[in-house]
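Step one of this worksheet: look at the structure below.
The values are calculated or read from the model by the stated rules, or taken from the named source; none is laboratory data. If you're wondering where the values come from, they're calculated on a predicted model, not measured in any experiment. Here the Cβ is made from the backbone with ideal geometry for all residues, glycine too, and neighbour counts use every protein chain on show. Side chains included, ligands, DNA and RNA excluded: accessible areas come from the protein's heavy atoms. Shrake-Rupley method; radii C 1.70, N 1.55, O 1.52, S 1.80 Å.
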Amino acid sequence: MSTKTARVLVLVCSTRPGALGPAVGTWLIETITPRAGELDVELVPMAIGDLDLPFLDEEEHPSSGLYAHEHTRRWSALVDAADGFIVVTPEYNYGMPATLKNALDYLGREWAWKPIGFVSYGNTSAGTRAVQHAKQVVTTLRLVPLGRTVAIRIGDAVEDGRIRPSATLAGAAVGVLDELVRVAHALRPMREGARPGLPPGPLPGSYLRRLTPDDAPEVTVVQRCCWVDEALANDTLDIPALHESPEQMGEWLATWHAMGLWRDGRLLGMVRARRVDTDWHVGRLGVVPDLRGRGLGRWLLRTAEAAADPSCRRLVLHTGVHSRQNIALYQGEGYRSEPHTGDDGTTRLTKAITPPAVA
Ligand SMILES: Cc1cc2nc3c(=O)[nH]c(=O)nc-3n(C[C@H](O)[C@H](O)[C@H](O)COP(=O)(O)O)c2cc1C
C-alpha cells in the first residue's frame with residue numbers, strides 16, 4: 001500500500017441559519033484529527049455554503065470539463081486536489097439536502113475513483129435515508145461510498161446544540177476515516193490511470209508517467225530485481241542499481257528525465273535519460289521479469305530517445321560487457337558498440353541522432 005499523504009475534504013452540507021450541521025462538523029474534526037495525524041492525512045474542513053455555488057448554472061455538461069464560472073473552477077480545483085471526502089449531511093424529507101446534490105452535479109471526472117464517507121444526522125432514522133439516497137447518486141460519478149458510517153440520532157446524541165461525548169460515536173467516526181484512507185490508497189492507481197493526458201503504454205491499461213522522488217520505493221524494487229540478471233551475466237555485485245538507497249534514487253529521480261511504465265499501480269518498467277554536452281545519455285532501462293519478451297524494453301528505449309533534447313547529436317548507453325541480451329537489443333535498435341571497455345566492466349554504445357529533415 002502506498003504511504004503517501006491523503007487529503008480529505010470534510011464537507012458540511014446544511015446552510016440554514018442556526019443549522020446543526022456546523023456543530024456536527026466541528027465534533028467530527030475534533031474527533032478524527034488525532035487519527036488523521038497518525039495516518040498522515042490532511043483534513044480540509046469546508047462548509048458548502050462558503051462555496052457560493054448557485055443552482056447549477058454551467059451551460060456545458062460537467063463531463064466536458066468546460067467551466068464558464070469562477071465558482072465552478074474553484075470547486076473543481078478543490079475536489080480535484082482531494083483524495084477522498086467525508087460528507088456531514090442532514091436528512092431532509094427522506095433524502096439528501098439539495099445543496100449536496102447541487103454540489104455533486106457541478107463536476108464530473110474530479111470525483112472519479114475517490115472514496116466518500118458519510119456522517120449523517122436526523123430524527124428517527126439518524127439521517128440514514130439521506131445517505132442511501134446520496135449513495136445511489138455518487139456511484140454514477142464513480143465515487144466509491146464506504147460501508148463504515150456515522151449515523152447520529154439527534155434526540156439521543158445532541159445536548160445544547162452540541163454532540164454529547166460518546167465513545168461509540170467517536171469510534172465510528174475514526175472507523176470512517178480509517179476505511180476512507182485505505183480505500184483512497186487502493187484507488188490511487190485508478191485515479192492515476194484516468195488522469196487526462198497520460199500517454200498509453202504498449203500493454204492494455206498501461207500508461208507512461210514521469211517518475212518523481214515519490215516513486216523511489218517502487219523504483220527500488222524494480223531496480224533490485226532487474227539488475228540481478230546483470231550481476232549474474234557479469235559475475236559482479238558492483239552495480240550501482242543494486243546498492244542505491246531509496247534516498248539516493250530520490251536524488252537522481254529529481255534531476256534526470258526518468259519515465260515509468262505503469263499498470264494498475266505497478267511499475268512495470270523504467271528508463272532514465274539526460275543531456276551531457278551534446279549527448280543524450282540513456283540508462284536504467286529495466287522491465288520486470290514476468291513481462292520480458294513483450295517489447296516493453298524496446299518501447300521504453302524508443303520513448304527515452306524521443307525525449308532527447310533537440311540540441312543533442314548522439315545517443316549514448318552503457319551496459320555490462322557480458323550483458324549479451326542488452327547489447328543485442330541495443331544493436332538491433334541501431335546502436336554501435338565502441339571498442340573501449342570502461343574500468344567498471346561496462347561497455348559503451350552510441351547512435352547518431354539524425355536531425356529532422358527541413359521541409
Ligand atoms: C426541510 C427539512 C426536512 C426535514 N426532514 C427530515 C427527515 O426527513 N427525516 C429526519 O429525520 N429529519 C428531518 N428533518 C429534521 C432534521 O433532521 C433536523 O432539523 C436537523 O437539525 C437538520 O439539519 P440542519 O440543522 O443541519 O439543517 C428535517 C428538517 C428540515 C429543515
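Whenever a residue of the range 12-40 is among the aromatic types (Phe, Trp, Tyr), its partners that are more than 8 Å from the ligand (Cβ to nearest atom), lying with C-beta atoms within less than 6 angstrom and at least six residues away or across chains, give the pairs Trp27/Ile163.
Exactly one residue out of Pro199, Pro246, Pro204, Pro240 is open to solvent by 50 Å² or more (accessible area, probe 1.4 Å), under 16 Å from the mean Cα position of the chain (by Cα) and either touching a residue at least 24 places away in the same chain (Cβ under 8 Å) or farther than 21 Å from Phe118 by Cβ (or both), and it is Pro199.
Just so you know, in the range 79-100 the residues that are touching a strand residue (DSSP E or B) at 6+ places or on another chain (Cβ under 7 Å) and of a type in the set (Gly, Ala, Ser) include one that is most open to solvent (accessible area, probe 1.4 Å), and it is Ala81.
Would you confirm whether any residue within the range 48-64 is touching a residue at least 60 places away in the same chain (Cβ under 8 Å), open to solvent by 60 Å² or more (accessible area, probe 1.4 Å) and not aliphatic (A, V, I, L, M)?
The initial filter retains those residues of the range 48-64 that are touching a residue at least 60 places away in the same chain (Cβ under 8 Å), namely none.
No, because not a single residue in the range 48-64 is touching a residue at least 60 places away in the same chain (Cβ under 8 Å), open to solvent by 60 Å² or more (accessible area, probe 1.4 Å) and not aliphatic (A, V, I, L, M).
Could you check, for the range 34-41, whether at least one of its residues is within 16 Å of the ligand (Cβ to nearest atom) and either of a type in the set (A, V, I, L, M) or under 23 Å from the mean Cα position of the chain (by Cα) (or both)? No, the conditions are met nowhere in the range 34-41.
Of all residues in the range 274-289, those that are without any contact (Cβ under 8 Å) to a residue 24 or more places away in the chain have Cβ atoms under 8 Å from Cβ atoms of residues that are in a loop (DSSP other than H, G, I, E, B) and open to solvent by less than 40 Å² (accessible area, probe 1.4 Å), 6 or more apart or on another chain, in Arg274/Trp256.
For every residue, the table says whether it meets (1) under 29 Å from Gly320 (Cα atoms); (2) assigned to a helix (DSSP H, G or I); (3) out of contact with any Lys or Arg (no Cβ under 6 Å at 6 or more places or on another chain).
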{"site": "Gly175", "(1), (2), (3)": "no, yes, no"}
{"site": "Val181", "(1), (2), (3)": "no, yes, yes"}
{"site": "Arg191", "(1), (2), (3)": "no, yes, yes"}
{"site": "Pro217", "(1), (2), (3)": "yes, yes, yes"}
{"site": "Thr220", "(1), (2), (3)": "yes, yes, yes"}
{"site": "Cys225", "(1), (2), (3)": "yes, yes, yes"}
{"site": "Ala231", "(1), (2), (3)": "yes, yes, yes"}
